[in-house]
Amino acid sequence: MSPPRTRAARPKDAATLVLVRRQASGAEILMGRRRQDHVFMPNVFVFPGGRVDRADARIRAATELRDEIRDRLVKSCSERRARTLALSAIRETAEETGLLVGIRADIEQKDDVAWAWRAFSRAGLAPALDTLDYVARAITPPGNPRRFHARFFVADGAKAHGRLRGDGELAELDWIPVEGVKELPTAWITRFVANEVRQRLDGGPARERPIPVIKFRKIVAYD
């Protein structure tokens, strides 16, 4: 008798933020190494990001998503969810790197929000969603212990506030030359997104093309 089939885990919404800064020597992106004890993608270099927190939907932002970014995001979720994804990417980045993607604003968040949002308020900042671009969407294939439906955003790291320090989720936080990402231990999707960011930084047709949707290491659709 064959063993009963186990149902594949349902992908959970996640958001990642690729911070980029331009140097005289070329563009750099912020990455860190996940700890060895992580169940999902241990001991590899990643961009800051993580699972969406529904509570992020209540956060007051200084600016909202640009229309063209929102319109692409809502091809796979509701407008409210699109906003929450962007806020979660900013929160995860604040938690894992100490950098705040926001602008000066007289906006106080509620006391019961995540500590990263309270850090924004203490600094006199509020998240700036209009600074985010959207570069890719990826769904972890069945068979993995954790599955995510991830949206990848990009923002100008030179405009982020704070100094580089994290909550311990990522080790070896550093600015990596975009061309050097392929030399690091990374997942395939990380290398794909880094290359997508590089092409968009170079300008040309890549900036205007649709957002790739990745599954099974293939582009299966566009947003």
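Just so it is clear, none of the values below were taken in a lab; they were calculated from the coordinates. Everything numeric in this text was worked out from a predicted model, so none of it was measured. Here Cβ is always computed from backbone atoms with ideal geometry, including for glycine, and neighbour counts include all displayed protein chains.
Give me Phe45, Phe216, Phe120 ranked fewest to most by other Cβ atoms within 10 Å of their Cβ, as a rough exposure proxy. Present the calculation step by step, with values, prior to reporting the outcome.
Working: Phe45 23, Phe216 9, Phe120 28.
Ranking Phe45, Phe216, Phe120 by Cβ neighbours within 10 Å, fewest first, gives Phe216, Phe45, Phe120.
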Residues with amide H under 5 Å from that of Ala14, placed H, sequence gap 5 or more: Val52, His149, Ala150, Arg151
Per residue Cα convex hull volume in Å³ - calculated over the chain: 143
The chain, helix-only ellipticity at 222 nm - DSSP H runs n ≥ 4, -39,500 (n - 2.57), divided by all residues, nearest 500: -6500 deg cm²/dmol
Exposure proxy ranking, count of Cβ atoms within 10 Å, fewest first, for Arg83, Arg198: Arg198, Arg83
Separation of alpha-carbon centers, the stretch 37-110 and the stretch 148-216, rounded to whole Å: 15
Ranked Val18, Val197, criterion: other C-beta atoms within 10 Å, fewest first: Val197, Val18
Computed lengthening from Asp156 to Asp111, 0.36 nm per intervening residue step minus Cα-Cα distance: 13.3 nm
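Roughly how big is the chain's charge dipole about its Cα centre, with Cβ charges of +1 (Lys, Arg) and -1 (Asp, Glu), in debye to the nearest 20? Can you show the working numbers first?
Details: 41 positive and 30 negative charges, 176 e Å.
That gives the chain a dipole magnitude of about 840 debye.
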Extension reserve of the Leu184-Arg209 stretch, reckoned as 0.36 nm per residue once the Cα distance is removed: 6.2 nm
Debye-sum result for the stretch 120-223 in log10 I(q)/I(0), which assumes one identical scatterer on each alpha carbon, at q = 0.13, 0.24 Å⁻¹: -0.62, -1.46
Quarter of the Cα convex hull surface for the stretch 25-148, i.e. its orientation-mean projected area (nm²): 9.4
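Lysine pairs in the stretch 12-222 with alpha-carbon atoms under 24 Å apart, 8 or more places apart or on different chains: how many are there?
Values: Lys12/Lys75; Lys12/Lys215; Lys12/Lys218; Lys75/Lys215; Lys75/Lys218; Lys182/Lys215; Lys182/Lys218.
Value for the stretch 12-222: 7.
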Choice from Leu87, Leu17, Leu201 showing the highest fluctuation, given a GNM over the chain with Cα pairs closer than 10 Å: Leu201
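To the nearest 0.05, how large is the calculated FRET efficiency for Phe216 and Asp174 if R₀ is 45 Å and r is the Cβ-Cβ distance?
Numbers: r = 31 Å, r/R0 = 0.68.
Efficiency, from the Cβ-Cβ distance: 0.90.
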Percent antiparallel among DSSP beta bridges (both partners in the stretch 12-222, rounded to 5): 70
